[in-house]
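Enquirer: Take this structure, written in structure tokens, and hold onto it; I'll ask about it next.
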Ligand code: BTN
């Protein structure tokens, strides 16, 4: 990855660079430059090669910069972040943190990557993660409670994502229980929670957020659900470092608040953003599908569904609207 990352830094401005110029900077020959640029496709980066002009990216890249991200996490919130790694490429930022928990990873550790080659989504799905295009963020947190009370962490994280999006000037999106951020029915961001711990606690939780910022054309066909990115909602270039910083800041503040007060401080905001409240839905659970009307959430974040005249409580499942 090292040489490919160096090449991407050289090409990040979106201007043409000749093979000779790139070869000199990288200490390799022109045919090696050609091979290296071809290999960028595997990272989901679109590169044009034009005879007589050289190589250029389809779009300039706004590469992640650790200091710029941390500059957004100001004041006492900074103390909640015990470490931040910014990686060029990794299989999954969630896995990166999960694997380090047993080696003593301090709670409050965060990781952002330019690219994930095995990004994980909910329910065993892949999360398409092309290089330099979106935000892939994970944060680890330790809770001293039992896992039953942790059901709300993902909902608190959803509110944290919403706060970050509002901070970026994005409106018109909503939350679909339990963990989807949708804009006009299309997925803008997803949240994946993974946990480790003894049944009596403490629990280490890794919260992973994938936010679509500017999906490159070559990655679009691989996504198996309706989606949208910030660039299409807001237009114009987006500052990924600011977006990543705002996500990190709101997420650690949200996790700290959840540790102290549970879901209570998030419920009113969640309810304002709730896309399925009062709607007829089908909930697919491990035991099959249930049809009902959404009555809202209880104080632990469970979904309340009105089914055949009775209100039932669900802690997991996949909601789809019934038309
Ligand atoms: C979903 O399916 O809605 C959840 C998607 C979560 C994707 C993020 S990207 C950062 C973190 N690392 C992963 O492998 N997955 C999460």
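No value in this document is a laboratory result; all are computed from the given coordinates. Everything numeric in this text was worked out from a predicted model, so none of it was measured. Here the Cβ is made from the backbone with ideal geometry for all residues, glycine too, and neighbour counts use every protein chain on show.
Enquirer: Want the number for residue 318 to residue 259: 0.36 nm per residue separation, take away the alpha-carbon distance, what's left?
Expert: 18.7 nm is the gain from fully extending residue 318 to residue 259.
Enquirer: Can I ask one more? Length gain on complete extension for the stretch residue 46 to residue 220, per 0.36 nm per residue less the alpha carbon to alpha carbon distance?
Expert: 61.4 nm
Enquirer: Sorted from largest down, give the three principal axis spans of the alpha carbons of the range 194-323, whole angstrom values.
Expert: Sorted largest first, the three principal extents are 50, 41, 28 Å.
Enquirer: Contact order normalised by length for the range 33-147, with contacts defined as Cα pairs under 8 Å and 6 or more residues apart; what percent is it? Display every interim value, and only then the final one.
Expert: Values: 163 pairs, mean separation 27.3, N = 115.
Here the relative contact order equals 24 percent.
Enquirer: To the nearest 10 degrees, how steeply does helix 264-273 sit against the main Cα axis of the chain, on a 0 to 90 scale?
Expert: Helix 264-273 and the main axis of the chain meet at about 70 degrees.
Enquirer: Now a separate question. On a full-extension model of 0.36 nm per residue, what is the gain between residue 299 and residue 272, subtracting their alpha-carbon distance, rounded to one decimal in nm?
Expert: Gain in length upon complete extension: 8.2 nm.
Enquirer: Give the span of the range 1-127's Cα atoms along each principal axis, as three whole-Å numbers ordered largest to smallest.
Expert: The Cα atoms of the range 1-127 stretch 52, 36, 24 Å along their principal axes.
Enquirer: Let me ask something additional. Does anyone have the angle between helix 2-11 and the longest principal axis of the chain? Alpha-carbon axes, 0 to 90°, nearest 10?
Expert: So the inclination is approximately 80 degrees.
Enquirer: Then there's this: Provide the packing ranking of 262-271, 21-30, i.e. peptides ordered by the mean count of other C-beta atoms within 10 Å per residue, highest first. Provide the component values of the computation, followed by the final result.
Expert: Values: 262-271: 16.8, 21-30: 14.6.
The peptides rank, most packed first, as 262-271, 21-30.
Enquirer: For the pair residue 117 and residue 284, how long in nm is the line joining their label points, each one 7 Å along Cα→Cβ?
Expert: Simple spin-label model gives 3.0 nm for this pair.
Enquirer: Contact order normalised by length for the chain, with contacts defined as Cα pairs under 8 Å and 6 or more residues apart; what percent is it?
Expert: On the way: 643 pairs, mean separation 51.6, N = 323.
Computed over the chain, the figure is 16 percent.
Enquirer: Can I ask one more? Kindly provide the Kirkwood hydrodynamic radius of the chain in Å, to one decimal, from all pairs of distinct alpha carbon atoms.
Expert: Across the chain, the inverse of the average 1/r is 20.8 Å.
Enquirer: What is the range 81-136 by shape, rounded, prolate or oblate, if you read a ≥ b ≥ c off the alpha carbon gyration tensor as root eigenvalues and call it rounded for a/c under 1.5, prolate for a/b larger than b/c, and oblate otherwise?
Expert: oblate
Enquirer: Order 181-192, 110-121 from most to least packed using the mean count of other Cβ atoms within 10 Å.
Expert: 110-121, 181-192
Enquirer: What would the Debye formula give as log10 I(q)/I(0) at q = 0.10 Å⁻¹ for the alpha-carbon point model of the range 44-191, no solvent?
Expert: Each listed q maps to, in turn, -0.43.
Enquirer: Still on this structure, please answer the following. Could you state the number of Å between the C-alpha centres of the range 173-241 and the range 84-154?
Expert: If you average the Cα positions of each part, the centres end up 12 Å apart.
Enquirer: Could you state the angle between the C-alpha long axis of helix 240-261 and the longest principal axis of the C-alpha atoms of the chain, as a value from 0 to 90 degrees rounded to the nearest 10?
Expert: Around 30 degrees separate the two axes.
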